[in-house]
Structures are given as structure tokens and as C-alpha cells.
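Novice: Here it is: the structure, laid out below.
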Amino acid sequence: MSTWTIRLAERRDIPDLLSIEVAQFPEPWTRTMLIDEISNLATRRYTVAVEDEKIVGYLGVMYVIDELHVNTIGILPGHEGQGIATSLMNEAWGVAKGRGVQRATLEVAVSNTRAQELYFRFGFSPVGVRKNYYERTNEDALILWADLA
Ligand SMILES: CC(C)(COP(=O)(O)OP(=O)(O)OC[C@H]1O[C@@H](n2cnc3c(N)ncnc32)[C@H](O)[C@@H]1OP(=O)(O)O)[C@@H](O)C(=O)NCCC(=O)NCCS
């Protein structure tokens, strides 16, 4: 049973989002990048999952005409495998469909099979590779696309 709620990200959430970034990503976003992203309400939509007043996960998407780009998704260590990422994506998909979004895309590290399994469940499939997309780890990214229509 879900014990978290989903709401839009706010500026006061930035320290918690930074902690998740640092814990989960080899190339974590900076405070400035996060502020820019969550403040850009015209093209971005950032949501957080909150459990016991603590942020346990977040998702950031960008709208490009009738496409949705998944910019980031991260779960607080110790809270994976409970369906938090799935519910963040379900919520975002519902909103995107309401806005007439037709397709979704994202990049994911070739070695990140955990995230890939999540994306495949949402209908994403690989269409190509971006070589050395992740500079710090020298790793390639899979380019995934999904039809929302
Ligand atoms: C990848 C990531 C976002 C997945 O988040 P998550 O919240 O663990 O994902 P979910 O729980 O929604 O789904 C993952 C698993 O939990 C299972 N699950 C879903 N609901 C569940 C529940 N209520 N109870 C137990 N398990 C559940 C799912 O079946 C799924 O299982 P499987 O993938 O082992 O087959 C998370 O591991 C993460 O933050 N990774 C580091 C950052 C990262 O790689 N981000 C993606 C960059 S492209």
C-alpha cells in the first residue's frame, strides 16, 4: 500500500533533492541547476513523493511541443523497490496525456538495468545509443522512446 503522496516540487525542497542527486547519480545536478529546473514552470514539471514529511523521490519532466522528456528520476536510498518511481511516473503520465502529449523520450545509462526495467514497463523501447553520454563515467546512454497516444 502506498504511504506517500505526490505534489509539485517547491523551492524549499531543493536541499532534499540535492541529497538524492548526490546519493544516486555519478554526475549530480547542482543547486543552481535544480532551482532553474523547478522554477521553469512553462516547460518543466517537477514532482516529489513525500512520506512522513520527508521527500523519498522525485521526477522531473520537460515538455517539448507534444513530447515529454524525462529529465531525471531519483529515489531516496533505502526507499527503492516500493513502487515510488512507478507512482511518480503514473502521475506524470496522467497529466501529460491530459496536455495532449503523444510521445515520451529519455536517456538511460546502458548499465542501469533497474531503471530500464521501470521504463520498459511504461512502454519505452530503445531506438539508439548516445556514445559517451555520461562524461564522468565514459558510459553510453540508450535513447528510449514510448508512445503515449
Ligand atoms: C531506478 C529507480 C528510479 C527506480 O525507483 P523505484 O522506486 O525503486 O522503482 P519502483 O519501486 O517503482 O519499481 C521498481 C521495482 O519495485 C517493484 N515494486 C513496485 N511496487 C512495489 C511495492 N508496492 N512493493 C514492493 N515492490 C514494488 C516493481 O515491481 C519493480 O520491481 P523490479 O524492477 O525489481 O522488477 C531508483 O532505483 C533510483 O533512484 N535509481 C538511481 C537513480 C537512477 O538511476 N535514475 C534513473 C536515471 S535514467
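Novice: Report the relative contact order of the stretch 5-147, percent, no decimals, based on alpha-carbon pairs under 8 angstrom and at least 6 residues apart. Walk me through the numbers on the way to the answer.
Specialist: Numbers: 238 pairs, mean separation 26.3, N = 143.
This gives 18 percent for the stretch 5-147.
Novice: While we're looking at this one, here's another question. Where the centre of each part is set by its Cα atoms, how far does the stretch 106-124 sit from the stretch 44-77, in angstrom?
Specialist: Here the answer is 15 Å between Cα centres.
Novice: Same structure, new question: From the helices alone, meaning DSSP H stretches of at least four residues, give me the mean residue ellipticity at 222 nm for the chain, per-run term -39500 (n - 2.57), in deg cm²/dmol to the nearest 500. Display every interim value, and only then the final one.
Specialist: Working: 4 runs with 44 residues, N = 149.
Helix contribution divided over all residues of the chain: -9000 deg cm²/dmol.
Novice: Based on the alpha-carbon gyration tensor of the chain, what equivalent-ellipsoid semi-axes (square roots of 5 times the eigenvalues) come out, in whole Å, largest first? All intermediate terms of the calculation are to be shown ahead of the outcome.
Specialist: Working: eigenvalues 92, 72, 51 Å².
Semi-axes, largest first: 21, 19, 16 Å.
Laboratory data are not the source of any read-out in this text; all were calculated from the coordinates shown. This one's a predicted model, so the numbers in the text were calculated from it and none came from an experiment.
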